[in-house]
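Below is one structure, written out as structure tokens, with a few remarks after it.
The values are calculated or read from the model by the stated rules, or taken from the named source; none is laboratory data. Computed from a predicted model, the values in this text were never measured in an experiment. So basically every Cβ, Gly included, is an ideal-geometry build from the backbone, and we count neighbours across all protein chains shown. Ligands, DNA and RNA are stripped out before the accessible areas are found, and what is left, the full protein with its side chains, is counted by its heavy atoms. Shrake-Rupley method; radii C 1.70, N 1.55, O 1.52, S 1.80 Å.
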Amino acid sequence: IPSSSRYSTSSKHLRDCIKAFTSEERLEGHESFHCPKCKKHRSATKKLSIWRFPQILVIQLKRFTFSTWRREKLNTSIELPLNDFDLREFADNSTHSSSRNATYSLYAVSHHMGVMSGGHYVADCKNADDGKWYHFDDSSVRPTTAPRGGSSPYVLFYIMQKP
């Protein structure tokens, strides 16, 4: 979850979270790069990108924050794309064949309900046979609608769409 939205109650799209995760970051001070040649710490930048896209993509949202004095749950609402979630823009310089078809469909969501010191996990999953969504809560299962987002999604499961 983008740090600028840490305590925000406004909604962010999942794409914004991935953009924040893959954006260029300046490394300075105690986070600076240690050069193996000169043995000194140097300012540097780092940028993450995706080289190869998996058939099954699992995304864990950072829902908890820890500091010296605080530990808390982040309740930012995240909008989830259900289908046609194209991630090719995050493959910067990839020449891998999987980057040509990096479009995904959501098929399951694990939710954390509650606060950091205590909570409960439930899941919404799409049945591959009937295409319907089901809500799993301990020993009960019931039909539900496709998850659109909110402040409870914690782990997202996407499957690569067929070209």
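In what sequence, highest mean first, do 131-143, 26-38, 149-161 appear when ranked by Cβ atoms within 10 angstrom?
For the peptides 131-143, 26-38, 149-161, the packing ranking is 149-161, 131-143, 26-38.
Counting only protein heavy atoms and using a 1.4 Å probe, what share of the accessible area of the chain belongs to carbon plus sulfur, as a whole percent? Before the final figure, lay out each step's value.
Working: 5380 of 10540 Å².
C and S fraction of accessible area: 51 percent.
If the cut-off is a Cα-Cα distance under 24 Å, which lysines reach Lys47, setting aside same-chain residues fewer than 8 apart in sequence?
Cα-Cα hits under 24 Å: Lys12, Lys19, Lys37, Lys39, Lys62.
Identify which of the listed values of mean projected area of the Cα convex hull in nm² was calculated from the structure shown: (i) 11.4; (ii) 12.7; (iii) 15.2.
Matching the structure shown: (ii).
Check the straight Cα-Cα distances from Lys132 and name the aspartates and glutamates below 13 Å, setting aside those fewer than 8 residues away within the same chain.
Those aspartates and glutamates meeting the cut-off are Asp124.
Residues of the chain: accessible area per residue at 1.4 Å, in Å²?
Normalised by residue count, the accessible surface of the chain is 65 Å².
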